[in-house]
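Structure, as structure tokens:
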Amino acid sequence: MSLPIISADERLAEQRGIKGCIFGKSGIGKTSLLWTLDPSTTLFMDLEAGDLAIEGWQGDTIRPRTWAECRDFAVFIGGPNPALRDDQPYGSAHYAAVCEQFGDPTALEKYQTIFIDSITVAGRLCFGWCKGQPEAFSEKTGKPDVRGA
């Protein structure tokens with residue numbers, strides 16, 4: 001195998017996506033920005049079940065309700081992380097299991113934008129999951145110890 005050098009032309013021809021986050025106080029209209037996106041190429045990940053602001057928007061939606069579902073959608077959308085072992089979340093075995101559950105990931109190719117509402121809720125779900133892990137309890141007392149979470 002030769003050294004895998006990527007030429008400037010190859011690199012510049014690669015399809016790139018835009019990643020962005022919108023932060024602000026609750027109630028200022030962040031979710032309503034979904035109206036500015038093409039519903040045929042946008043997937044709305046509704047973590048808050050707060051779609052009143054976009055009632056009538058004609059795009060597709062997924063509604064994960066647990067941290068495990070969030071992780072599954074993340075690996076399905078982003079693909080496996082090759083740096084991780086098979087027994088780790090986001091690794092190739094996790095990706096394969098999720099593909100078995102959700103089907104062919106090429107179904108996502110129609111989406112140019114994944115709109116996630118809200119990253120704050122995702123953080124809360126994650127922290128809630130972490131607080132239930134064995135590392136979140138003191139080995140000596142068995143009481144919760146959030147430093148491990």
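With the structure loaded, tell me whether residue 145 is in contact with a Ser or Thr (Cβ under 8 Å, 6 or more places away or on another chain), at pLDDT below 90 and surrounded by fewer than 16 Cβ atoms within 10 Å (Cβ to Cβ) or whether it fails that test. Criteria met by residue 145.
Answer yes or no: is there a residue in the range 2-16 that is within 21 Å of residue 120 (Cα to Cα) and either out of contact with any Cys (no Cβ under 6 Å at 6 or more places or on another chain) or buried (at least 16 other Cβ atoms within 10 Å of the Cβ) (or both). Within the range 2-16, not a single residue is within 21 Å of residue 120 (Cα to Cα) and either out of contact with any Cys (no Cβ under 6 Å at 6 or more places or on another chain) or buried (at least 16 other Cβ atoms within 10 Å of the Cβ) (or both).
Could you say which residue among 97, 83 is over 18 Å from residue 47 (Cβ atoms), open to solvent by 40 Å² or more (accessible area, probe 1.4 Å), of a type outside the set (Ser, Thr, Tyr) and assigned to a loop (DSSP other than H, G, I, E, B)? The conditions single out 83.
In the range 45-63, the residues that are among the acidic types (Asp, Glu) form Cβ pairs under 7 Å with partners that are surrounded by 16 or more Cβ atoms within 10 Å (Cβ to Cβ) and assigned to a loop (DSSP other than H, G, I, E, B), at six or more places apart or across chains, as follows: 48/118.
A residue that is under 26 Å from residue 67 (Cβ atoms) and in a loop (DSSP other than H, G, I, E, B) cannot be found anywhere in the range 1-16. Considering the range 100-134, the residues that are surrounded by 12 or more Cβ atoms within 10 Å (Cβ to Cβ) and of a type in the set (D, E, K, R) include one that is farthest from the chain's Cα centre (by Cα), namely 131.
Filtered by the rule that a residue be open to solvent by 30 Å² or more (accessible area, probe 1.4 Å) and within 10 Å of the chain's Cα centre (by Cα), the range 68-79 gives 69, 71, 72, 73, 74, 77, 78.
For the range 29-58, the candidate set comprises residues that are crowded, with 16+ Cβ neighbours inside 10 Å and of a type in the set (Val, Ile, Thr); within that set, the residue that is nearest to the chain's Cα centre (by Cα) is 42. Within the range 17-59, the set of residues being in a helix (DSSP H, G or I), β-branched (Val, Ile, Thr) and within 23 Å of residue 73 (Cα to Cα) comprises 31, 54. Checked against (1) at pLDDT below 90; (2) open to solvent by 40 Å² or more (accessible area, probe 1.4 Å); (3) more than 22 Å from residue 24 (Cα to Cα), residue 88 passes all but condition (1).
The values are calculated or read from the model by the stated rules, or taken from the named source; none is laboratory data. If you're wondering where the values come from, they're calculated on a predicted model, not measured in any experiment. When we count neighbours, we look across all protein chains shown, and the Cβ atoms used for this are built from the backbone with ideal geometry, even at glycine. Remember, those area values only see protein heavy atoms, side chains included, never the ligands or the DNA or RNA. Shrake-Rupley method; radii C 1.70, N 1.55, O 1.52, S 1.80 Å.
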